[in-house]
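Written out below as structure tokens is the structure these notes cover.
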Amino acid sequence: MAKIELWIVTISSDQPINEIATRLSAEGLTIRDVLGEIGCITGSADNVTAERLKKIEGVVDIAPDIQIDMGPPSTDETW
């Protein structure tokens with residue numbers, strides 16, 4: 001069974017974000033958030049689906065959604 005991962009999809013500004021979200025969902029992305037202010041959609045899918053989503057009109061980039069640890073306020077380390 002394919003491993004499901006979280007993705008950040010950056011979209012172009014020449015199309016309505018909700019239309020692109022609908023196309024992504026139809027192709028297999030489970031939508032988590034539509035962030036219209038910054039032109040991104042987050043969701044989950046396996047790697048094969050993510051590769052296929054890159055070909056959808058209006059998609060600029062798809063990148064893994066990774067957790068970032070900023071560390072406690074009193075430390076110099078951020079990773």
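The values are calculated or read from the model by the stated rules, or taken from the named source; none is laboratory data. Just so it is clear, the structure is predicted and the values come from calculations on it, not from any experiment. Note that each Cβ is placed from the backbone with ideal geometry, even for glycine, and that neighbours are counted across all protein chains shown.
Please verify whether the stretch 54-67 includes one or more residues that are on the phi > 0 side of the Ramachandran plot and touching a helix residue (DSSP H, G or I) at 6+ places or on another chain (Cβ under 6 Å). Spell out how you get there, then give the answer.
Looking only at the stretch 54-67, we keep the residues that are on the phi > 0 side of the Ramachandran plot, and these are 58.
In the following step, the residues that additionally are touching a helix residue (DSSP H, G or I) at 6+ places or on another chain (Cβ under 6 Å) were identified as 58.
Yes, that holds for at least one residue.
The conditions of being modelled with pLDDT under 95 and of a type in the set (S, T, Y) are met by S74.
Taking the options A2, A45, A63, A21, name whichever one is touching a strand residue (DSSP E or B) at 6+ places or on another chain (Cβ under 7 Å), aliphatic (A, V, I, L, M) and modelled with pLDDT under 95. Show your work before the answer.
Numbers: A45 fails: modelled with pLDDT under 95; A63 fails: modelled with pLDDT under 95; A21 fails: modelled with pLDDT under 95.
Criteria check complete, one pass: A2.
Scan the strands (runs of 3 or more DSSP E) fully inside the stretch 8-79 and keep the ones with 1 or more residues being in contact with a Ser or Thr (Cβ under 7 Å, 6 or more places away or on another chain), surrounded by fewer than 13 Cβ atoms within 10 Å (Cβ to Cβ) and touching a residue at least 12 places away in the same chain (Cβ under 8 Å).
On the way: elements: 30-35, 40-46, 59-64.
Strands (runs of 3 or more DSSP E) meeting the threshold: 59-64.
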